[in-house]
Every structure is written in structure tokens, then in C-alpha cells.
1. Could you give me the radius of gyration and the Dmax of the chain, taking only the C-alpha atoms into account and expressing both in angstrom?
2. What list do you get for 160, 191, 75 if you sort them by fewest beta carbons within 10 Å?
3. Run the numbers for residue 208 and residue 67: contour at 0.36 nm per residue of separation, minus the present Cα-Cα distance, in nm.
4. What spacing in nm lies between the two simple spin-label points modelled at residue 51 and residue 267, each 7 Å away from Cα in the Cβ direction?
5. If I fit a long axis through the Cα atoms of helix 214-225 and take the longest principal axis of the Cα atoms of the chain, what angle between them do I get, 0 to 90°, rounded to 10?
6. Could you compute how fast the stretch 173-286 diffuses translationally, taking Rh as the Kirkwood radius over C-alpha pairs and applying Stokes-Einstein at 10 °C with viscosity 1.306 mPa s? Give it in µm² per second.
7. From the P(r) of the stretch 1-141, could you give the percentage of C-alpha pairs in the tail past 23 Å?
8. Rounding to the nearest 10 and keeping the result within 0 to 90°, find how far the Cα-based axis of helix 40-59 lies from the longest principal axis of the chain.
Ligand code: CAA
């Protein structure tokens, strides 16, 4: 049964690509968003990015100028969080376990006991994050896809202790955002990245072994398999550092050599070639 979740007050942690996208889709449906990041400049950049995307929607006639203004009034910068009266927190911070554990401890202390704490993590264990709090039954994964305003999927990950009520609430919220929620259990990479990242890693191996050029590999997958982006362009879009982090989670989590990250991927990350966000990856963005 799908219930109306009503308007929620949601703390979104992380104003980067994913956090800002999540804030935008929540605000567009009338939820009240508190947007947090490590400093005010980052929050401002996140909100400016949302405003620009909404401007484009106004230009295309998908949104009126009034609706644009209304959406932005639902997003409130919140550089610090202490004793917050919220229904839900969605953490979309950098993909590092130590950082997320610290955030989850902080959230547990500074939010009402009944608030749900969700993570947008692409591969870190929800069970581990839940164990850092006093209420693992209220901890869950809410994995949005990039770009959040466009992609329909929300992968909902249940930690071993996540309750049915928490799951139902988050599923209903996702439906209310016009997304399609899919229930997944808490194993490395969940489903999305367990399937996607080995494909990307294999494309990097093919490049490393000189089987074909970057453009050739991407063309095969775009025209041959109807993927909207080739795997190497997609890797640049996701971020090569994130791709490597996810491969390491799969490799460590399953202990199977089939998940061994390609040495070329490691080398690109060591060089600071993270893809689109750093200006260089498999393609040049300068
Ligand atoms: N934010 C908001 N909207 C965006 C956007 C962004 N960053 N990028 C594109 N769009 C919108 C455009 O405005 C356009 O909207 P309209 O149809 O209303 O005009 C629409 O998306 C299509 O965009 P374009 O015509 O510019 O380009 P396109 O047709 O090539 O689509 C794309 C762009 C949607 C990104 C498409 O290439 C695509 O689907 N790529 C694959 C994306 C993907 O696989 N995402 C998952 C990554 S994995 C992940 O996120 C999880 C993880 O854990 C790693």
C-alpha cells in the first residue's frame, strides 16, 4: 500500500552533484530542505547550480518563473546542524567510510529519535552506518542516480536492522518524487554498482590492453547496446575516484579477483585525473 508521506522537513548533507540534485527534487515537490555542507561557499555553489538548472527549465517552458522562485524558497542553507527538528536526513557526502560514520554519529545525537537517517552512498554498507547510531532500525540507503532530476531510479537499501516501517516511509517518499524505488539488500555495490562498475572496469581493461581506443569502446557500447553514454564517458561523468572507490569496495567485500580494479584506473586517479569534475579523464574537458 502506498501512503502519502505529506510534506517533510529534510536535512540534505552534501551540496555537490548528488546532494544538490536531491535537494532540487525534494524542493520541487514542496518538501522543506535544509542544505548542509562543510562551508557556506559550497552550499552557495550548490544552490546556484540548482537555480541555473531551474532557469533552463523556465527557458524550455517546463516551469514558470513563479514555480522556479517557489522551489528555491524551499531550500534553506544550513552550515551547522545541532538539535534539528527534522523528519529525515539524507547524507550525500564524500564517499568515505570514516567521514560517513562520524556524520551518522552526529546525526544520531542532533536529530529527533524518530527521524529517519538515510545515506545516498553508492557502495558503503548501510548495516555498518546503522551500527554507528542508537537506532539502526531507522537507518536506510536511498541511492539516487546522477543526474538526479532526470534519472527515475532510487535504489532503496535495507540494512540488516532496517525496519519495515522505515522502508515503507522512504519508498513512499521516493514514489512521491515521481521516482521508481527498487528494494535491494545490503551487499557490496548493491545492484546498480555491482553490475555497472565491473562493466566500466572491463572497458578500462580493454583500453589498457590496447584492444581499442576510448572512442571506439564507447561507440561500441552506445551504438551496439543502445547505452546513452559509453562506459568510459560514463566513468568520467561519475568520477574516476568514485569508480575506483566502488571497485575497491567490491574487491574487498567479495574477495574475488574478478573485481580487481584496472591498474590504468588507479593510475588516472593517482594523477588527479578524476574525469569531468577535474577537467581530464578518459576525455579532455578543458
Ligand atoms: N541535471 C539536470 N538535468 C540534466 C542534467 C543535469 N546534470 N544533464 C542533462 N539533463 C537533462 C537535460 O536538461 C535534458 O532535459 P530535457 O529533455 O527536458 O530537455 C535531458 O536531461 C537530456 O539531456 P541532453 O539532451 O543534454 O543529453 P542526453 O540526451 O545525452 O542526456 C543524460 C544526458 C541524461 C545524462 C544521458 O546521457 C544519460 O542518461 N546518461 C547515463 C546516465 C547514467 O547512467 N547515470 C547513472 C550513473 S551511475 C550513478 O549515478 C550511481 C553511482 O552510484 C555511481
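1. Computed over the Cα atoms of the chain, radius of gyration and Dmax are 19.1, 56 Å.
2. Least crowded to most crowded, the residues run 160, 191, 75.
3. On the way: separation 141, 0.36 × 141 = 50.76 nm, distance 4.84 nm.
Gain on extension, residue 208 to residue 67, equals 45.9 nm.
4. So the label points at residue 51 and residue 267 sit 4.4 nm apart.
5. 70 degrees
6. Diffusion coefficient, whole number: 106 µm²/s.
7. The share of Cα pairs beyond 23 Å in the stretch 1-141 comes to 34 percent.
8. For 40-59 against the chain, the angle is about 80 degrees.
None of the figures in this text is laboratory data; all of them are computed from the coordinates on show. If you're wondering where the values come from, they're calculated on a predicted model, not measured in any experiment. In this analysis, Cβ positions are derived from the backbone assuming ideal geometry, glycine residues included, and neighbour counts consider all displayed protein chains.
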